[in-house]
Amino acid sequence: MSVIGIDLGTTLSCVAVLKNERIEIVPNNEGDRLTPSYVSFSGDEVLTGKAAKYDMDFNHRNIIYQIKRLIGKKYNDPILQGDLKLWGFEVINKNNCPIIQVDCNHDLKLFHPEQISSTILLELKHDAETYMGSTITDAVITVPAYFNSAQRKSTKEAGKIAGLNVLQILNEPTAAAIAYKLHHTHKHKACNVLIFDLGGGTFDVSVITIRGEVFDIKATGGDAHLGGEDFDNRMVQYCIQEFYRQTEVDLSKNKRALSRLKMKCEDAKKKLSVSVIAKINVDSIHSGIDFKATISRAKFEDINNDYFAKTLHGVQNTLNQAKMTKDKIDEIVLIGGSTRIPKIQEMLKRFFNGKQLNNSINPDEAVAYGAAVYATDLIKQKFSERKHLMESKIFDERLEQQREARQTFEYYISDIKQYFTCVGTHKLSSYETQLIFGRCDNESNWIEEHKMSNIGELEKRQLHLEEFVRHVIYIIRKKDKTLSTRWFN
Ligand code: AMP
């Protein structure tokens, strides 16, 4: 029986499966290993992936993308409100839930974010089924480590709508560490791993401590709006200036020229990861005039220097949060397509005093790869557990419920940490910070040490922690009324 690992990305998604005793990345119906996370509605037709993305020039109001930024969020979420301004599609407010509105032949249709995500998941499921020649229902889906319970729940729901039995929602950095088998390489002592994930639109840093099979996420950070698209946009700006210098024509308002330039700039950027010079040619960009330019790697690095530096600040901040100095990091793992940029690798290596980076697995595929390894292990474990359970006549269901209760508690702890990290040290005294994070760490340690604890015990401890958190928020709010409690309403 086949089982899949899915990296449901903001811009691109990837699915992996175990085939002939090896984990393989599944190609989609176009033969690509990555599928754009796009869904488009055109008349009665629903397209996904590349076909949906290429509809952009003609049907931009009915093309849905970056759905991962919406899933599990409330409409009034301030970050979501910022994102809404950048999208070409319509999102309406229904009882504080963001609902996507598309126009299918003048018939307005409404979709929950989970439904849009499920369309992408269904496409990936179909691709895997075609590849394996059999039906697939079991899957592990990855999410960013900072996702809260609502975002995880909605992602799981999207899987269900797509007809998947979601075995587990797995943290992306954990999946990446699994892909590099770091839990096997450092079997006998705890190991600290820094996961540097720079993709198309987001930059995530995570610090994880691995002890045996336990992956403890110590801190997460980064920038939700930093990635390859920003580097492309800087190149577009550079080209606009070049074209103006050559012709005195301003392209900055010409939408079609800009979108053509953007594609060429992305190609040039990728070329600059392997060569020191790249050409950007666009035929008849404006009134029959061609655009021709050459850009060097040094120039590319120069125009993006501040963005690149920002990634190192993100690393330092996350280390600070984890209360770790850089020399305590045993492994550095690179994921996300933009980590192919040589300057990024060079800066990161220098920051870690020349430490070797783990970047041998394709950075866009490492997360799906790790998720498939994990999914395969889960299924094997389930089979052996079941065999064992049948022998001892205990219900498998109880173990499953126990696992769920443990996971819910772990998500809750990670939510609290994320929440208080966002609140920041400026609102908390060092005593308060120590109190909250110390208590969370205690609970994490307890879960780790009591793997077979019963559901009642787990729920009781979670209730106590919830009470404690409510009390802390109450005390802080007495001093500072601006403290947002949206996660805990
Ligand atoms: P991801 O979201 O992780 O798949 O990353 C996608 C981003 O990686 C896009 O902005 C791509 O342009 C970028 N990318 C992919 N390959 C390369 C490359 N060889 N050099 C630089 N950036 C790349």
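What follows draws every value from the coordinates through simple rules; no lab data is involved. Just so you know, these numbers come straight off a predicted model, no measurement behind them. Please note: Cβ atoms are built from the backbone with ideal geometry, for glycine as well, and neighbour counts cover all protein chains shown.
Listed values, structure above:
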read-out: Segment 307-372: trypsin sites (Lys or Arg not before Pro) in DSSP loop, at most 15 other beta carbons within 10 Å; value: Lys323
read-out: With Cα atoms, 0 to 90° folded angle of helix 366-392 axis to the chain main axis; value: 20
read-out: Angle between the chain longest axis and helix 305-321 axis [Cα atoms, degrees, rounded to 10]; value: 10
read-out: Size of electric dipole in segment 3-171: Cβ of Lys, Arg +1 and of Asp, Glu -1, about Cα centre, debye, nearest 20; value: 660
read-out: Lys, Arg +1 and Asp, Glu -1 on Cβ, resulting dipole of the chain about Cα centre, debye, nearest 20; value: 1100
read-out: With Cα atoms, 0 to 90° folded angle of helix 396-423 axis to the chain main axis; value: 60
read-out: Sparsely packed chymotrypsin sites (Phe, Trp or Tyr not before Pro) within segment 10-111, loop by DSSP, other Cβ within 10 Å at most 16; value: Tyr54
read-out: Spatially close lysines, pair count over segment 3-171: Cα under 13 Å, gap of eight or more or interchain; value: 6
read-out: Loop trypsin sites (Lys or Arg not before Pro), segment 1-104, which have at most 11 other Cβ atoms in a 10 Å radius of their Cβ (DSSP); value: Lys85
read-out: Gain on full stretching of the segment that runs from Lys349 to Gln101 - 0.36 nm per residue minus C-alpha separation; value: 84.7 nm
read-out: Full-stretch length increase - Lys50, Ala190 - with 0.36 nm per residue and alpha-carbon distance subtracted; value: 46.2 nm
read-out: Segment 250-345: C-alpha gyration tensor shape, a/c 1.5 cut-off, then a/b vs b/c; value: prolate
read-out: Relative contact order (%) - the chain, alpha-carbon pairs under 8 angstrom, separation at least six; value: 15
read-out: Within the chain, helix-based [θ] at 222 nm, where runs of 4 or more DSSP H residues each add -39,500 (n - 2.57), nearest 500; value: -15500 deg cm²/dmol
read-out: Residues His106, His183, His225, sorted so that the one with the fewest Cβ neighbours within 10 Å comes first; value: His106, His225, His183
read-out: Mean separation of Cα contacts under 8 Å (6+ apart) over length of segment 309-358, as relative contact order %; value: 42
